[in-house]
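Structure record follows, encoded as structure tokens.
The values are calculated or read from the model by the stated rules, or taken from the named source; none is laboratory data. Just so it is clear, the model here is predicted, and its values are computed rather than measured. Note: ideal-geometry Cβ built from the backbone for every residue, glycine included; neighbour counts use all protein chains shown. In case anyone asks, the SASA skips ligands and DNA or RNA and just uses the protein heavy atoms, side chains included. Shrake-Rupley method; radii C 1.70, N 1.55, O 1.52, S 1.80 Å.
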Amino acid sequence: MVRVLLYLFVIACLAAGAVWLADRPGEVSVLWQGYRIETSVAIAAIGVIILAFLAMLGWAAVRFVLGLPSAFSFASRARRRARGFEAVSRGMVAIGAGDPVAAGRYAVDARKFSGNEPLTLLLEAQTAQLSGDRGRAEAAFKAMLDKPETRVLGLRGLFVEARRRGDMTAARAFADDAVRRSPSLAWANDALLDFHTSAGDWQAARTAVERRAALRLAEKADAKRQRAVLLAAEALDAKGSEPEKALAAALEATKLAPGLTPAAALAGRMLAERGDIRKAAKLLEAAWREVPHPDIAAAYLDVRPGDSAQDRLARAETLVRLRPADPEGVLALAGAAIHARDFAKARQALKPLLAGGASVRVCLLMAELEEAEHGSAGRVREWLSRATRAPRDAAWVADGLVSDHWLPVSPISGRLDAFVWTVPPATLVSQAPAIDDVLADLDDSAPLLEGRAETMAPVETAKPVIEQATLVAPEPAKIEPAKPAGDEKPATEPVAKGEPAVAAKLPTPVAEATVAPATSASVRDHRPSPVIFPVSHAPDDPGPEDVQPATAAKAKFRLFG
């Protein structure tokens, strides 16, 4: 639109000038070399314009003739440059395709037609890298340092090559030089952060994180989290030598990331040691609301040294109220209830966790519960056996490494804030359809595994019968009912021929017997073919050494997995 208006303006000016000349006629007389030329002003103006146009044409012709050699040279250079860029383009495609032979051929053509162009140097360096010629690659990157436009690219290439050969000192020097020349380089800032964290220089690492955030090389939320992690690492290192500095760093870390478990647990414990119980409890409760973790629970239960087991149980109940039905709160409550000897509450707390298959920690708590309540070695061994095949609990995991404590940097990749509290990857596979149904094991009226005997009648060879017991499923019709005490037969009475019994008949009277599945792997259902275990204690428990003859026996048996 502007061009159209300008064009119309120029036409209007020319028309106005023509009208102005037509309204003011006049004569022009020229006397030159004895010739006299007379004409009107309008004709003279037209003649001047024509002469100027002809002069311009003549000058253009002269310039064209004089510039023919340089024009031919320019065309040759343009053709060479075009061929050079074509070679560079095809060479890059060959590198992307992984063809070092073609890439080398195109690199030679690019060097021939384009000389020391930046793209030519890049093609040569990458071709050498693809071919595995590290020396030639470094030479190409060093050649890039001589030109301002390729100096940073050369530094990055030299950094990569130094890191590949394990020369971290040289790699760090190249990264420092790159940041000094171009502070906004993302790769150089990331490399310096990795170097600082690997060396444990948390202060320098925090400076690098702040610089990355200021240059918008990282999201604000990520930078905030990284600062909190570095402060937590600094606090953990200084807690023994500089407790004041450690506490200040831990508190600042909890402000930046309230759910950062190591910082919250450390700050809570250090505040409790200083006697600031209320602040410690408030901090730990806030962290628990963000991320429930065993370390937070342990620090919260121990927030007041010297408290009774009942006080610890009350605090565990507070954690459960803050995060109802959270497994970590349930486990903390069960552990505190066991220590407070409130076994009914411990069983009730663990009951939901047993419904879908108990984890390792749940099985260990059940073993502790059985030991504390009944002192039963058989039950304890049974729960410990279940723990060996139970699903694993959450742990600190980073890059496939499972650690029992948190680390600020992954020892595998060197990545900051790599550890995550989660179930280890190896246990994320689908579980076998056989899951221990251990809900019934919480019933006190039917103890697990162990049989209780009461003295009623002589059983002279009870122990040999136990050792000879064979797990053979008897036919229901062959099992003899209990007989009165007067008709009682000794346990060593021979078994009738052809009878599919268990190598010895059960001593009578039998007060109660419970059947178990024939499978020995795990209890899948209570309905498979029954197997009777005529034992008075756990199958893997040899029993007391001094088994005395008794007047009679009354046994209870339970299922086991």
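Within the group Leu283, Leu230, which residue is in contact with a Pro (Cβ under 9 Å, 6 or more places away or on another chain), touching a residue at least 40 places away in the same chain (Cβ under 8 Å) and either open to solvent by less than 60 Å² (accessible area, probe 1.4 Å) or of a type in the set (D, E, K, R) (or both)?
Of the residues listed, the single one that is in contact with a Pro (Cβ under 9 Å, 6 or more places away or on another chain), touching a residue at least 40 places away in the same chain (Cβ under 8 Å) and either open to solvent by less than 60 Å² (accessible area, probe 1.4 Å) or of a type in the set (D, E, K, R) (or both) is Leu230.
One line per residue, one yes/no per condition, for (1) over 30 Å from Ala110 (Cα atoms); (2) in a helix (DSSP H, G or I); (3) of a type in the set (A, V, I, L, M, F, W, C):
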| site | (1), (2), (3) |
| --- | --- |
| Ala16 | yes, yes, yes |
| Trp20 | yes, yes, yes |
| Gly47 | yes, yes, no |
| Leu54 | yes, yes, yes |
| Ser70 | no, yes, no |
| Ala75 | no, yes, yes |
| Ala78 | no, yes, yes |
| Arg81 | no, yes, no |
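In region 82-119, what residues are closer than 17 Å to Leu158 by Cα and touching a Ser or Thr at 6+ places or on another chain (Cβ under 8 Å)?
Pro118
Only one of Ser413, Ser403, Ser359 is open to solvent by 10 Å² or more (accessible area, probe 1.4 Å) and over 20 Å from Val291 (Cβ atoms); which?
Ser413
Could you please find all residues in region 22-45 being open to solvent by 80 Å² or more (accessible area, probe 1.4 Å) and assigned to a helix (DSSP H, G or I)?
Asp23, Ile43 - these are the residues of region 22-45 that are open to solvent by 80 Å² or more (accessible area, probe 1.4 Å) and assigned to a helix (DSSP H, G or I).
What residue, of Ser403, Ser430, Ser376, is touching a strand residue (DSSP E or B) at 6+ places or on another chain (Cβ under 6 Å), of a type in the set (S, T, N, Q) and at pLDDT below 95?
None of the other options fit; the residue is Ser403.
So which residues in region 84-134 are open to solvent by 70 Å² or more (accessible area, probe 1.4 Å) and over 40 Å from the mean Cα position of the chain (by Cα)?
If the condition is that a residue be open to solvent by 70 Å² or more (accessible area, probe 1.4 Å) and over 40 Å from the mean Cα position of the chain (by Cα), then Phe85, Glu86, Arg105, Val108, Arg111, Lys112, Asn116, Glu117 are the ones that fit.
Tally up the residues in region 56-67 that are open to solvent by 60 Å² or more (accessible area, probe 1.4 Å) and either basic (Lys, Arg) or not in a helix (DSSP H, G or I) (or both), please.
Qualifying residue count, region 56-67: 1.
Kindly state which helices (runs of 4 or more DSSP H) lie completely within region 149-227 and contain at least 3 residues that are open to solvent by less than 60 Å² (accessible area, probe 1.4 Å) and farther than 27 Å from Ala246 by Cβ.
151-164, 168-181, 186-198
List pairs: first residue in region 240-265 and part of a helix (DSSP H, G or I), second residue crowded, with 18+ Cβ neighbours inside 10 Å and hydroxyl-bearing (Ser, Thr, Tyr) anywhere in the structure, Cβ distance under 7 angstrom, at least six positions apart or on different chains.
Taking only residues 6 or more apart or on different chains, the pairs are Ala263/Thr254; Ala264/Thr254.
Within region 302-321, does at least one residue satisfy the condition of being open to solvent by 10 Å² or more (accessible area, probe 1.4 Å) and under 24 Å from Val229 (Cβ atoms)?
The answer is no; no qualifying residue exists.
Tally up the residues in region 300-313 that are in a helix (DSSP H, G or I) and under 35 Å from the mean Cα position of the chain (by Cα), please.
4
With respect to the numbered conditions (1) under 30 Å from Leu130 (Cα atoms); (2) open to solvent by 70 Å² or more (accessible area, probe 1.4 Å); (3) among the hydroxyl-bearing types (Ser, Thr, Tyr), which one is the sole condition not fulfilled by Ser70?
(1)
Being more than 21 Å from Val160 (Cα to Cα) and charged (D, E, K, R): is that true of Arg134 here?
Spelling it out, it is not the case that Arg134 is more than 21 Å from Val160 (Cα to Cα) and charged (D, E, K, R).
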